[in-house]
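Input: a single structure, listed below in structure tokens.
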Amino acid sequence: MNRHILVQEQPFDAAAEERAVRAGNPRVGAVVTFLGLMRDINEGDQVSAMTLEHYPGMTEKALAAIVDEAESRWDLEGVRVIHRVGELKPEEPIVLVTVASRHRGDAFRACEFIIDYLKTRAPFWKKERTAKGERWVEARRADKEAEARW
């Protein structure tokens with residue numbers, strides 16, 4: 001299977017990653033992509049920047065375990081997960097999950113599963129910069145509920 005997991009500071013090209021997940025594989029009949037972007041508002045406050053921190057080595061291992069779980073549940077041909085760290089500004093891409101499979105159902109479910117698990121199981125920490133100062137972003141109940149569906 002075509003598998004690629006990265007944690008990086010630099011921006012990525014979502015279209016190029018989507019092409020790469022299916023390149024040279026005529027079995028692929030569906031590609032589903034989730035692209036997460038930095039928003040300029042959270043909890044009613046304007047957010048001017050966000051710093052994402054992670055635990056190197058542990059983060060990649062957690063992401064690999066999430067992809068392993070997806071592969072065990074669905075028939076996949078390829079998965080690409082890229083998550084940025086460092087300082088981000090509104091509208092910048094944060095995370096990309098691209099899944100290729102023979103059929104759309106597997107691609108949709110696996111993509112949604114990966115992003116739901118990533119939000120709760122991968123060791124990332126977010127600090128927002130607002131007019132009121134910096135603050136750490138707490139885990140959202142909705143993310144835990146999304147994870148529990150699986």
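The values are calculated or read from the model by the stated rules, or taken from the named source; none is laboratory data. A quick note: this is a predicted structure, and the numbers were derived from the prediction, not measured. Cβ sites come from the backbone with ideal geometry, for glycine too, and all protein chains shown count toward neighbours. Note: areas computed on protein heavy atoms with side chains; ligands, DNA, RNA excluded. Shrake-Rupley method; radii C 1.70, N 1.55, O 1.52, S 1.80 Å.
For the chain, the share of accessible area belonging to carbon and sulfur comes to 49 percent (1.4 Å probe, ligands and nucleic acids excluded). Among 60-71, 109-120, sorting by the average number of other beta carbon atoms lying within 10 angstrom of each residue, highest first, gives 109-120, 60-71.
Taking all protein chains together and a 1.4 Å probe, the residues Leu96, Leu35 rank Leu35, Leu96 from largest to smallest accessible area. The slack in the chain from Arg129 to Met1, taken as 0.36 nm per residue of separation less the alpha-carbon distance, amounts to 42.1 nm. In the assembled protein chains, His4 presents an accessible area of approximately 60 Å² (probe radius 1.4 Å). When the alpha carbon gyration tensor of the chain is reduced to an equivalent ellipsoid, its three semi-axes come out at 28, 16, 14 angstrom, largest first. The lysine pair count for the chain, using Cα distances under 22 Å and pairs eight or more places apart or on different chains, is 11.
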